[in-house]
Amino acid sequence: MDNVIRVLEERGLVKQITHPEPLAKQLQQPTAFYIGFDATADSLHVGHLLPIMVMAHLRRAGHRPIALVGGGTAMIGDPSGKTEMRKMLAAEAIAAYADAIRAQIADLMAGLPGPAVEMVNNADWLLRLNYIDLLREVGVHFSVNRMLTYECFKSRMERGLSFIEFNYMILQAYDFLTLFRKYGCRLQIGGDDQWSNIIAGIDLIRRMEQEEVYGLTIPLLETADGKKMGKTEAGTVWLSPVHTSPYEFFQYWRNVRDEDVQRFLKLYTFLPLAEIAELTEGTGEELNAAKERLAFEVTKFVHGESEAVQALQAARALFAGAAEEGAIPTTELDREELAAGVDIVDLLLACQLVASKSEARRLIQQGGLYVNGRRIRDFELKVDESWLEEGRIAIRKGKKVHHRVVPR
């Protein structure tokens, strides 16, 4: 079989491996592996795309993917990488989120080659556990002293770590054990903040089953300017078109910094490395074609080719000064509300172009807001139906973020 580890490493998709040589030998034959996605929202976001890409590469190489939706672990919340306890979610909400994420992963994997994806929800076994039995069977293999040395717990000790969060590592380790027993799963993959949890699962299987299994982590990415991947001024970039339109999604990738283009093409597309090198030979404006290709490929993967084509056409039309209206993000306002007038700051919030009123005022103060092509300097401006041009109001934030408001 192809050396899929080498493929992942060449694309920058590997941070750490627990046992590099034994894992490489294991992957010479079809191997079951799993990646977990906790059900904490009704959609995945850009931060989840890296593990999705790793799943796709391994699947293409003939390995058997298990996509675990954490309907059980989401009841607790992973303390890894967090400075405070996660908000507790209602069981009904978690169940609905799990169904939505399960469908989303199935859609993403549907058009890709390789073995079928096994979809599982750890609520199916975790919610049935008897606590005393878990302590006797599993808890006995965990050392509290050792757990407290792990970074995911050390970073929380000063601010406080709840007992419920302390159990998360045990449950994730139990997930690995369950998948090993049921599917022969021998590899767990996760973000690098999951390193301690993955090691705990490997150790548990070694103690209880006397078998060797493996772990691989993916880098936690920031953009070249130090921002968390998938975060913008307006908030999270979601994979669901309900939360982030295909056009907005396209624009997120089209507007990446020059320093990120080649790296992101390797990470988030299936383009051959030689083609990526050729696309990114230039600098400055010469990289625009590479950015456009990046945006098109990622949008096609997440939303389908027709949406990617439509977003590409709209972006090109906007650049040429003739907006392709259908694909531009749109906010509908009640006609009566618009007739009475809407404060410009409130309008920006309604359009989700800013995350707060202070951010809206800062945008206006810095001269970055345009309505119908006119730069706005007045914080107290009221936008009413007199601003309608051909049935809509065109808003531009900075040079590249476009939006429109229409009455309903």
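Details
- Nearest 10 degrees, 0 to 90: helix 168-183 Cα axis against the chain principal axis: 70 degrees
- Dipole-positive endmost among Ile344, Ala290, Ile328 within segment 285-394 (Cβ charges, Cα centre): Ala290
- Mean-position separation - Cα centroids, segment 273-317 and segment 1-21, in angstrom: 26 Å
- The residues of the chain present an accessible area of 48 Å² per residue when probed at 1.4 Å with all protein chains retained.
- Relative packing of 96-104, 366-374, which averages over residues the other C-beta atoms within 10 Å, highest first: 96-104, 366-374
- Within the accessible area of segment 170-279 (1.4 Å probe), percent carbon and sulfur: 49 percent
- Linear extension gain, Ala224 paired with Asn145, 0.36 nm per residue minus alpha-carbon span: 24.7 nm
- Pairs with C-alpha atoms separated by more than 22 Å, drawn from the list Lys227/Lys382; Lys300/Lys399; Lys227/Lys400; Lys227/Lys397; Lys266/Lys397, are Lys227/Lys382; Lys300/Lys399; Lys266/Lys397.
- Multiplying the residue separation of Arg335 and Ala24 by 0.36 nm and removing their Cα-Cα distance gives an extension gain of 105.7 nm.
- Dipole of the chain [Lys/Arg +1, Asp/Glu -1 at C-beta], most positive-end residue of Gly12, Gln26, Leu148: Leu148
- Relative contact order [Cα under 8 Å, 6+ residues apart], segment 222-362, whole percent: 24 percent
- Folded to 0 to 90 degrees: helix 49-60 orientation relative to the chain principal axis, Cα: 60 degrees
- Taking θ as phi - 60° and the Karplus parameters 6.51, -1.76 and 1.60, the scalar couplings of segment 237-248 work out to 8, 8, 7, 6, x, 5, 9, 9, 5, x, 5, 4 Hz in sequence order, x denoting glycine and proline.
- In the chain, the longest principal axis of the Cα atoms and the axis of helix 91-110 are about 80 degrees apart.
- Note on Ala116 and Glu137: with the Förster distance fixed at 45 Å, the Cβ-Cβ geometry gives a FRET efficiency of about 0.90.
- Net lengthening on full extension, Asp346/Trp125 (0.36 nm per residue, minus Cα-Cα): 74.9 nm
- Segment 163-214 - percent relative contact order, Cα under 8 Å, separation 6 or more: 40 percent
The values are calculated or read from the model by the stated rules, or taken from the named source; none is laboratory data. Since we're looking at a predicted model, the values are computed, not measured. Because the Cβ atoms are built from the backbone with ideal geometry, glycine has one as well, and the counts that use them run over all protein chains shown. Please note that ligands, DNA and RNA were not included when accessible areas were found on the heavy atoms of the full protein model with its side chains. Shrake-Rupley method; radii C 1.70, N 1.55, O 1.52, S 1.80 Å.
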